[in-house]
Amino acid sequence: MAGRPSGGIIERYRPYLPVSPTTPIITLLEGNTPLIVSRALSQRVGRGAEVYLKYEGMNPTGSFKDRGMTVAISKAVEAKSVAVLCASTGNTSASASAYAARAGLRSIVLIPSGAVALGKLSQALIHGARVVAVDANFDACLALVKSLARQHPVTLVNSINPHRIEGQKTCAFEICDALGRAPDYQCMPVGNAGNITAQWKGYTEYHGRGRIGHRPVMLGFQAEGAAPLVKGRLVKHPRTIATAIRIGNPASWQGAVAAAEESRGAIQAVSDRQILDAYRLLAQEDGVFVEPASAASVAGLLRLAQAGYFKKARPAGRRQGPTIVCILTGHGLKDPERAIKSIRLARPLPPSLSAISKATGLKEGLSGGIIRPRP
Ligand code: AN7
């Protein structure tokens, strides 16, 4: 490839973003993430469907939050802010602290104590954030930072900051640019609901400017124990192993409802068990390691496919089946403890050749299933 590598999302989508020639751009070259075909999921959905994985875990801090953060932090620097503040289930704090470090800003993060995956906590700490663990859930932390931001000269960088939404909409742009059109369906996890709001905005803007002929059906998935949008009421004590989306009072409630309604899609719930099954399937059949919250999009896709949702998905006159994109919002290494917990690790063995040839499955010629025949 000739020439300069592409910049971050602000450089690539500048006309769509709230920056001027004098805005200082704080970037880690976020975006431009892989859109990977999933053979395993295409087969499972059937009906000629093509399923793609938008691997947002490949962003610089390992999640989609970086798209919003490059805009939010650039605008904070432009506004001469000296500190940024957020509440977080983990990924927002990781991203905010990294971009703040790069900009020379202080960062302060409030996290629900004991409910943030290890990788994310390590990021906020090493990037120099002032990390305050609060004995309360994410929703309470968000209420606290909103009050703090009213009382002190700090910039709030949760997704209620509109610059976050602006940056995150670029994920939709990239998908359309890669496919040459919009997908027919988009599946994604929903927590605080900023991302589904942002991506619907992205598709709507591309549609408005004539870059795409149609917008996708938006399918958002919450964890069963943290599904306020599905239940239609706040969840006081949200529970799920997918800590990233353990949220009972989403800030962008209206945005999520609008995306689902305007696109004739839906917000549905998936169980922790379905999330973990999808988590292992992605890792073991597609080689893509995501964090549990991200697997909610695939859990939801499979649930809908099993229920026959895509039966009528082949529009008249089109030979191909539907094009479906699942957003994989965060990297699996964010939550290594979950991966280790989900797969049993056998006891250590003595260094004996016979014991080890048995334990490795090599003795039985790998019939134990380490190597699967290719379908
Ligand atoms: C991997 O970091 O809310 O519906 O504080 O980390 O836009 O909230 C993270 C959310 C999905 C849900 N997948 O996105 C936070 C935070 C992952 C996430 C979501 C999050 P939104």
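Just so you know, all these numbers are worked out from the coordinates, no wet-lab data involved. Note that this is a predicted model, so its numbers are computed, not measured. So basically every Cβ, Gly included, is an ideal-geometry build from the backbone, and we count neighbours across all protein chains shown.
Can you tell me which of 97-105, 56-64 comes out highest on packing, and rank the rest after it, using the mean Cβ neighbours within 10 Å? Show your work: numbers first, answer last.
On the way: 97-105: 21.9, 56-64: 25.9.
Packing proxy ranking, top to bottom: 56-64, 97-105.
Is the shape of region 243-370 best called rounded, prolate or oblate, per the rule: a/c under 1.5 gives rounded, else a/b larger than b/c gives prolate, else oblate, with a ≥ b ≥ c the square roots of the Cα gyration tensor eigenvalues?
Numbers: a/c = 3.68, a/b = 1.80, b/c = 2.04.
Oblate, because a/c is 1.5 or more while a/b does not exceed b/c.
Can you give me the relative contact order of region 205-333 as a percent, contacts being Cα pairs under 8 Å and 6 or more apart? Could the numbers behind the result be given before it?
Working: 178 pairs, mean separation 29.4, N = 129.
About 23 percent, as a whole number.
Give me the extension gain from Q320 to E205: residue separation times 0.36 nm, minus the current Cα-Cα distance, reported in nm with one decimal.
Working: separation 115, 0.36 × 115 = 41.40 nm, distance 2.62 nm.
Fully extending the segment from Q320 to E205 adds 38.8 nm.
Using only alpha carbon pairs under 8 Å that are at least six residues apart, calculate the relative contact order of the chain and give it in whole percent. If you can, show how the numbers build up before the last one.
Working: 741 pairs, mean separation 67.9, N = 375.
Answer for the chain is 18 percent.
Aspartates and glutamates within cross-link reach of K311: Cα-Cα under 15 Å, excluding same-chain residues under 8 positions apart?
List returned: E50, D184.
Rounded, prolate or oblate for the chain? Axes are the square roots of the Cα gyration tensor eigenvalues, ordered a ≥ b ≥ c, and the cut-off for rounded is a/c under 1.5.
Values: a/c = 1.57, a/b = 1.21, b/c = 1.30.
It comes out oblate by the Cα gyration axes.
Mind giving me the nanometre distance, one decimal, between the label points for L29 and R239, set 7 Å out from Cα along Cα→Cβ?
Result: 4.5 nm between the two label points.
Principal axes first, then extents: for the Cα atoms of region 31-149, list largest minus smallest coordinate on each axis, whole Å, largest first.
Result for region 31-149: principal-axis Cα extents of 52, 33, 24 Å.
How much length, in nm to one decimal, is gained on full extension between T360 and V134, taken as 0.36 nm per residue of separation minus their Cα-Cα distance?
My answer for the length gained is 76.9 nm.
Would you work out the relative contact order for region 86-205, in percent, from Cα pairs under 8 angstrom that are 6 or more residues apart? Don't skip to the end; give the middle numbers.
On the way: 147 pairs, mean separation 26.8, N = 120.
The normalised contact order for region 86-205 reaches 22 percent.
Among Q268, Q168, Q151, whose mean-square fluctuation peaks in a Gaussian network model of the chain (Cα, cutoff 10 Å)?
In this elastic network of the chain, the residue with the biggest mean-square fluctuation among Q268, Q168, Q151 is Q151.
Which lysines have a Cα lying under 17 Å from the Cα of K80, excluding residues fewer than 8 positions away in the same chain?
Those lysines meeting the cut-off do not exist here.
I want to check the label-to-label distance for I126 and E261. Put each point 7 Å from Cα in the C-beta direction and report it in nm to one decimal.
That separation, rounded to one decimal, is 4.5 nm.
Could you pull out the pairs from K334/K363; K54/K358; K54/K231; K75/K201; K120/K201; K236/K341 whose alpha carbons sit more than 30 Å apart here?
On the way: K334/K363 35 Å; K54/K358 39 Å; K54/K231 28 Å; K75/K201 20 Å; K120/K201 27 Å; K236/K341 27 Å.
Too far apart for the 30 Å limit: K334/K363; K54/K358.
Assuming R0 = 35 Å, what is the FRET efficiency of K80 and R181, from their Cβ-Cβ distance, to the nearest 0.05? If you can, show how the numbers build up before the last one.
Details: r = 42 Å, r/R0 = 1.19.
Calculated value: 0.25.
Among the DSSP beta bridges whose two residues both lie in the chain, what percent are antiparallel, rounded to the nearest 5?
Values: 5 of 36 bridges.
DSSP beta bridges in the chain are roughly 15 percent antiparallel.
Name the residue, out of Q274, Q284, Q186, whose mean-square fluctuation peaks in a Gaussian network model built on the chain with Cα pairs under 10 Å.
Q284
Please list, short to long, the whole-number percent of alpha-carbon pairs of region 180-327 in consecutive 5 angstrom bins beginning at zero.
2, 11, 19, 21, 20, 15, 9, 3, 1, 0
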